[in-house]
């Protein structure tokens, strides 16, 4: 699973309600909506997914810090890396990561922006004003065949 954060694991309304502690790790954790984490965990559990971070957050902190933030926010799936930062469309960055990991069987992209190019068929697009919802989980589970890599 390729995971964006802003607009997926949070939204503007949620972000307006969070505190902004001085500790930067806590600041990042507070930007992740616990309700979205529950849904994300349900998705990753249901499809046995590992997470590749495609969010711009990967540029703001080290991979180790991202893993710490995600774990402390309650995300259970294993974080196996992040897409390269190429200053390209996110779909190009995801495709580059996929090319270096050829044994992928299933691809789900959670993002609030469709800049996926040829990978758009794998996108589950969220509304940035709402974020991840139960309907996204239902859609993935009902259409799991669409995310199989042989469709790439």
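Observations on the structure shown:
- If the condition is being surrounded by fewer than 19 Cβ atoms within 10 Å (Cβ to Cβ) and in a helix (DSSP H, G or I), then region 15-28 contributes 15, 16, 17, 24, 25, 26, 27.
- Note on region 75-92: residues that are more than 14 Å from the chain's Cα centre (by Cα) and either closer than 26 Å to residue 35 by Cα or not in a loop (DSSP other than H, G, I, E, B) (or both) total 1.
- Among the residues making up region 35-69, those that are more than 19 Å from residue 140 (Cα to Cα) and in a helix (DSSP H, G or I) are 57, 58, 59, 60, 63, 64, 65, 66, 67, 68, 69.
- The condition of being outside any loop (DSSP other than H, G, I, E, B) and surrounded by fewer than 20 Cβ atoms within 10 Å (Cβ to Cβ) holds for residue 95.
- Residue count, region 3-49 (criterion: over 22 Å from residue 65 (Cα atoms) and free of Cβ contacts under 8 Å to residues at least 24 places away in the same chain): 3
- Selection count where residues are over 14 Å from the mean Cα position of the chain (by Cα) and surrounded by 14 or more Cβ atoms within 10 Å (Cβ to Cβ), scope region 46-70: 4
- Restricting attention to region 98-113, the residues that are surrounded by 14 or more Cβ atoms within 10 Å (Cβ to Cβ) and outside any loop (DSSP other than H, G, I, E, B) total 5.
- When residue 42 is tested against (1) touching a helix residue (DSSP H, G or I) at 6+ places or on another chain (Cβ under 6 Å); (2) over 11 Å from residue 77 (Cα atoms), only condition (2) is not met.
- When residue 79 is tested against the conditions (1) within 20 Å of residue 25 (Cα to Cα); (2) in contact with a strand residue (DSSP E or B) (Cβ under 6 Å, 6 or more places away or on another chain); (3) surrounded by fewer than 16 Cβ atoms within 10 Å (Cβ to Cβ), the lone failure is (3).
- The set of residues in region 114-152 that are surrounded by fewer than 15 Cβ atoms within 10 Å (Cβ to Cβ), in contact with a strand residue (DSSP E or B) (Cβ under 8 Å, 6 or more places away or on another chain) and outside any helix (DSSP H, G or I) comprises 114, 148.
- Of all the listed residues (126, 118), the sole one being within 14 Å of residue 8 (Cα to Cα) and out of contact with any helix residue (DSSP H, G or I) (no Cβ under 6 Å at 6 or more places or on another chain) is 126.
FYI, it's all coordinate maths here, none of it is from the lab. Please read all numbers here as calculations on a predicted model, not as lab measurements. FYI the Cβ positions are ideal-geometry reconstructions off the backbone, even for glycines, and counts take in every protein chain you see.
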